[in-house]
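Note sheet for the following structure.
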Amino acid sequence: MADDFEFADKGNRIIYETEPKGFNPGLIVLLVVGGLLLTFLVGNYVLYLYAQKTLPPRKKKPVSKKKMKRERLKQGVSAPGE
């Protein structure tokens, strides 16, 4: 018991203060949760990069005939058939 320290308090009781052995359970929980969160974020980023490389670009929605007609009228070009 070279690492132990003895202190005598007022009642002549000896108090042994030893180095704590083992890991703090709160620290273990924090490390596990932090590791899972980090793994989740890195995994999402890797999947995002993979999707950017492999998936084709999204197609634009087709413009409705009504909107096309309105745009042509704004520009002063008459719509065909009118």
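The values are calculated or read from the model by the stated rules, or taken from the named source; none is laboratory data. Predicted model only: the values in this text are computed from it and were never measured. Virtual Cβ from ideal backbone geometry, glycine too; neighbours counted across all protein chains shown.
The table that follows gives values for the structure above.
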{"read-out": "Condition check for LYS59: surrounded by 10 or more Cβ atoms within 10 Å (Cβ to Cβ) and at pLDDT below 90", "value": "no"}
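Residues checked against (1) assigned to a helix (DSSP H, G or I); (2) modelled with pLDDT of 90 or more; (3) exposed (fewer than 10 other Cβ atoms within 10 Å of the Cβ):
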{"residue": "GLY11", "(1), (2), (3)": "no, no, yes"}
{"residue": "LEU27", "(1), (2), (3)": "yes, yes, yes"}
{"residue": "VAL32", "(1), (2), (3)": "yes, yes, no"}
{"residue": "LEU37", "(1), (2), (3)": "yes, yes, no"}
{"residue": "PHE40", "(1), (2), (3)": "yes, yes, no"}
{"residue": "LYS69", "(1), (2), (3)": "yes, no, no"}
{"residue": "GLY81", "(1), (2), (3)": "no, no, yes"}
